[in-house]
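The values are calculated or read from the model by the stated rules, or taken from the named source; none is laboratory data. Keep in mind it's a predicted model, so treat the numbers as computed, not measured. Here the Cβ positions follow ideal geometry from the backbone for every residue, glycine too, while neighbour counts run over all protein chains shown. When the accessible area is computed, the model is the full protein with side chains, heavy atoms only, and any ligands, DNA or RNA have been set aside. Shrake-Rupley method; radii C 1.70, N 1.55, O 1.52, S 1.80 Å.
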Amino acid sequence: MNWLTVTADLVPAPDTRLPLTWSSFTQLFLPSLLCYYATAVLVLIPGTFYARLAVLPVTLWTAFRTSTRLDLVVRLEDERLIYWNHGLALAMFTLAMRAVIWTFKIEPLYKTTTTDLKSKPDSYTITKVAKDAFDLSANLRGLGWNWSKGLVIPPETRPTHSRLAFTLSTLLQTLLFTTLFDLLHYTVQSLGPGLASPQGSTIFDGSLPPHIRYTRSTLITLFTGLTVCLGIQIGYNLLTLAGLWVFGNHPSAWPPIFDTPWFASSLADFWARRWHQVFRDMFICGGSRPLARVFGRVGSVMGAFLVSGLLHVAGLWGMGRGTEFWSVAGYFLMMGVGVVLEGVWKAVTGKRVGGVLGNVWAFGWVVVWGNWMVDAWARKGLMGSMFFGEGSRPVDLVFALGQYFI
């Protein structure tokens, strides 16, 4: 046995992954979920550090096995659904990172229904711990928890006085966003040969003059970013509806996830306030705070974006088509460089980046550097993903209505 065979055993070839069956679910998927939940239980209870430390290696190993040995779409025989494996790898990376963070928490985590984040629970019952651990496992932003200090909650525009009114507003929003999502996705697929194929294609057309080539790729990048934003919002809305009607949550438990990112006045404003904050705690605890201790504010900024980059690299790798660190993680590192430059600007001029020029600067930096990450996604086939059944795309209905009325 040599290092090649050991590596092959640890990271099996993508074509050897197992389809999702009851057997593979119980052997691969379920163990990672159980270890994750066990860590969530333990971090609620004082004096459990060594127990968490003992569970951590098992959690990391099971998450890794789930990512590398399970294929959610192989039985469906449709490469356009390979983004499911992308999502699986993102989920397992998040699970592993949260388990690491929880393991090394000094104080127990606890829910709070007041503004006093220091009010610890008076007692720990089996039922309370079990319910709180479930909430912790699913609550990525930390709403209602003592570890969400500094979290920015976007202002609510939907009626929260009535569950029914809130539901109807969310449904209408989801319908609109779904239509816009598919229109943008269709536009991206139409902007170049091969982009609609799950085999993938570059967004940089070498046959075009440079100014047209990069204008085209930048438009693809912009539309892709808007598509991603809408896709996240749609997924969040569906979870909101489940929370309301399956788990009986109050509408206030599901505040908006985005705060009009297109109005960002700076990169710091875009990433720290207006873009979704789902992974905020993971980026801060896993990257920002550790590097801040060594490199100060620069380390704090770059550490957060480094973990963000690794998350997205893991997702691309999970598709089984290789990955590209510099194209994907490099994008997020450049976002960190941009935020650092804004700090330099403030130190030199005494003024924050803001206003209309700040908006132009932020979007220019986000979209231009995004060309290379979106190109990596396109070449791996993500643009060719299928989100609706054959003949049931919202864009088909839009075109049919257009022909009818025109």
Ignoring ligands and nucleic acids, what accessible area does residue 105 show with a 1.4 Å probe (Å², nearest 10)?
40 Å²
Kirkwood hydrodynamic radius (Cα pairs, Å) of the range 245-308?
13.2 Å
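Below 14 angstrom from the Cβ of residue 94, what's the summed charge of the other residues (Lys, Arg +1; Asp, Glu -1)?
Charge balance in the 14 Å sphere: +2.
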For the range 397-403, take each phi angle, set θ = phi - 60°, evaluate the Karplus expression 6.51 cos²θ - 1.76 cosθ + 1.60, and give the result in whole Hz per residue in order, putting x for glycine and proline.
5, 4, 5, 5, 5, x, 5
Per-residue accessible area for residue 83 at 1.4 Å probe radius, Å² rounded to 10?
50 Å²
I need the calculated FRET efficiency for the pair residue 202 and residue 124, taking r as the beta carbon distance and R₀ as 56 Å, to the nearest 0.05.
0.50
Checking 89, 54, 63 against a Gaussian network model of the chain (alpha-carbon springs below 10 Å), the top fluctuating residue turns out to be 54
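Calculated from DSSP H runs of 4 or more alone, at -39500 (n - 2.57) each and per residue, what is the 222 nm mean residue ellipticity of the chain, nearest 500?
Computed mean residue ellipticity for the chain: -20000 deg cm²/dmol.
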Sequence-distant or interchain residues sharing an amide H contact under 5 Å with residue 145, placed H: which?
112
Binning every alpha carbon pair distance of the range 356-406 at 10 Å from zero, what are the percents per bin?
20, 23, 25, 29, 3
Given all pairs of different Cα atoms, what value in angstroms does the Kirkwood hydrodynamic radius of the range 283-324 take?
10.6 Å
Positive end of the charge dipole of the range 70-229 (Lys, Arg +1 and Asp, Glu -1 on Cβ, about the Cα centre): tell me which of 173, 87, 146 has its Cα farthest that way.
146
Proximal charge balance of residue 132 [Cβ under 13 Å; K/R count +1, D/E count -1]
+3
Over all pairs of distinct alpha carbons, what does the Kirkwood formula give as the hydrodynamic radius of the range 179-286, in Å?
16.5 Å
Can you count the Lys pairs in the chain whose Cα atoms are under 13 Å apart, with each pair 8 or more apart or on different chains?
5
Here the gain from full extension of residue 134 to residue 161, 0.36 nm per residue of separation minus their alpha-carbon distance, amounts to 7.1 nm
Probe 1.4 Å, all protein chains in place: accessible area of residue 215 in Å², nearest 10?
80 Å²
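Go through 218, 157 and list them by solvent-accessible area, largest first, probe radius 1.4 Å.
Order by accessible area, largest first: 157, 218.
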Bounding extents of the range 187-240 in its principal axis frame from Cα atoms, largest first in Å, are 46, 23, 13
I'd like the per residue volume of the convex hull spanned by the Cα atoms of the chain, given in cubic angstrom.
201 Å³
Any chance you could list the semi-axes, whole Å, largest first, of the equivalent ellipsoid that the Cα gyration tensor gives for the range 232-375, using √(5λ)?
27, 21, 16
Selection from 137, 51, 374 lying farthest towards where the dipole of the chain points positive, charges on Cβ:
51
Amide hydrogen neighbours beyond the local backbone of residue 71, cut-off 5 Å, H modeled:
18, 20
On the accessible surface of the chain, probed at 1.4 Å, how many percent belong to carbon and sulfur atoms?
69 percent
In order through the range 210-220: 3J(HN,Hα) via Karplus (6.51 cos²θ - 1.76 cosθ + 1.60), integer Hz, x for Gly, Pro
x, 5, 6, 4, 7, 5, 4, 5, 6, 5, 4
To the nearest 20 debye, the chain has a Cα-centred charge dipole, built from +1 on Lys and Arg Cβ and -1 on Asp and Glu Cβ, of 1060 debye
What list of ³J(HN,Hα) values in whole Hz, one per residue of the range 45-61 in order, does the Karplus curve 6.51 cos²θ - 1.76 cosθ + 1.60 (θ = phi - 60°) give from phi, with Gly and Pro shown as x?
10, x, x, 10, 4, 5, 5, 5, 5, 5, 6, 4, x, 5, 4, 5, 5
